[in-house]
1. Given +1 on the Cβ of Lys and Arg, -1 on the Cβ of Asp and Glu, and no further charges, what dipole in debye does chain A carry about its Cα centre, rounded to the nearest 20?
2. Ratio of the range B:11-158's C-alpha Rg to 2.2 N^0.38 Å, to two decimals?
3. What is the helix-to-structure angle for B:52-75, meaning the angle in degrees between its Cα long axis and the longest Cα principal axis of chain B, kept from 0 to 90 and rounded to the nearest 10?
4. Only Cα pairs within less than 10 Å get springs; with that Gaussian network setup on chain B, which residue of B:G113, B:G76, B:G104 has the largest fluctuation?
5. So what J values fall out for the range A:14-29 if you push phi through Karplus, 6.51 cos²θ - 1.76 cosθ + 1.60 with θ = phi - 60°, rounded to Hz, Gly and Pro as x?
6. For the charge dipole of the range B:1-99, defined by +1 on Lys and Arg C-beta atoms and -1 on Asp and Glu C-beta atoms about the Cα centroid, which residue among B:V5, B:A83, B:I68 has the Cα displaced farthest towards the positive pole?
7. Suppose every Lys and Arg Cβ carries +1 and every Asp and Glu Cβ carries -1, with no other charges. What dipole size does the range B:11-158 come out with about its Cα centre, to the nearest 20 debye?
8. Non-local amide H neighbours of B:A33 (under 5 Å, H modeled in plane, Pro and chain starts lacking H): which ones?
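What follows is calculated from the coordinates using simple rules that are stated; it is not laboratory data. Keep in mind the model is a prediction, meaning the values are calculated, not measured. Quick reminder, even Gly has a Cβ in these numbers, built from the backbone with ideal geometry, and neighbours come from all protein chains shown.
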Amino acid sequence: MIARLCKQALLLAALALIPAFVSGAIQLRANPQKPLQPGEIRAATVRQWGPQVLFVDARPIERFEAGHIPTAVRLTAREWDALVPKFLDAWEPDKVVVVYCEGGTCDTSREIAERIKKELQIQTVYYLQGGYPAWRQK
Amino acid sequence: MAAKVTFLLLRVVLGAVFFAAGVIKIWDFHQGAWATPAFYEDIANYHLLESSDAVMLAAVYLPWLELIVGGALLFGRATAGAAALCAGLLLVFIAALASAWSRGLDISCGCFGHENATANFPLLLARDCALLLCAVALAWRERLRISGPSPARRAEGN
């Protein structure tokens, strides 16, 4: 009887694979968007969150001065100790932190997001897929 | 008779819950589009799966599994296996919710589609534990039913 129960369960699990495969293939064809890594977030999603987002610019000062997301505060690995107090002043418990860097292959935003989580014990932290260029593409 | 009605109700309620949860995660009726991207984000927010491919597989497969299992329960087909699968899924959901709660994550459950509200972890855990009890009771009863009447009952029948 246990064998029959397991057989039924396996059969149902296998049956679910068929529509899952078909729907997955259809969606992939219709929307070949790059999948998100854990902790990564798309600009479109962040836009929906509105003013509850605290943006963190993880780029060097010259890039920040050349253009940044309004309201963003700076936080970089090199200037971590000096910039953390300013970041904490801007942060509120109900805010979602979104870190961005230059996009492309830059890993800085992911590293800063992980550091905020680990060292500052703030859990609602994401890093922006595509970085600042993705935010500028409306 | 009362036991029969109780188990019929358990089967239908459990089936309806899983069927509805599956449908909502597959198709977003408000947007008229696939709900997989939103469910993908919900799973990723738990930070339990390292690889984005694993998150994607779960986001595509889990809703269909819920739908098939819920449908099997609703129509009374392969009930023992469906109830056992329900119990297994609920154990996974309970573990994920407990883990998110213990890590202080401010996320939405993702249980019945994408929501903006933060999950009420104690309530969700209580609900899933109650559903788990139903699933285990149903699987146990179906297992006994499959194995047939006990030797004593059979002797009584003769």
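1. Working: 18 positive and 14 negative charges, 156 e Å.
Around 740 debye, computed over chain A.
2. Values: Rg = 17.7 Å, N = 148, 2.2 N^0.38 = 14.7 Å.
For the range B:11-158, the normalised Cα radius of gyration is 1.20.
3. Taking the Cα atoms of chain B, the angle to B:52-75 is about 30 degrees.
4. Judging by the Gaussian network model, the answer is B:G104.
5. Rounded to whole hertz, the list is 5, 4, 5, 5, 5, x, 5, 5, 5, 5, x, 5, 4, 5, 5, 5.
6. B:V5
7. Values: 10 positive and 11 negative charges, 189 e Å.
The calculated dipole for the range B:11-158 is roughly 900 debye.
8. Those lying under 5 Å, H to H, from B:A33 are B:D28.
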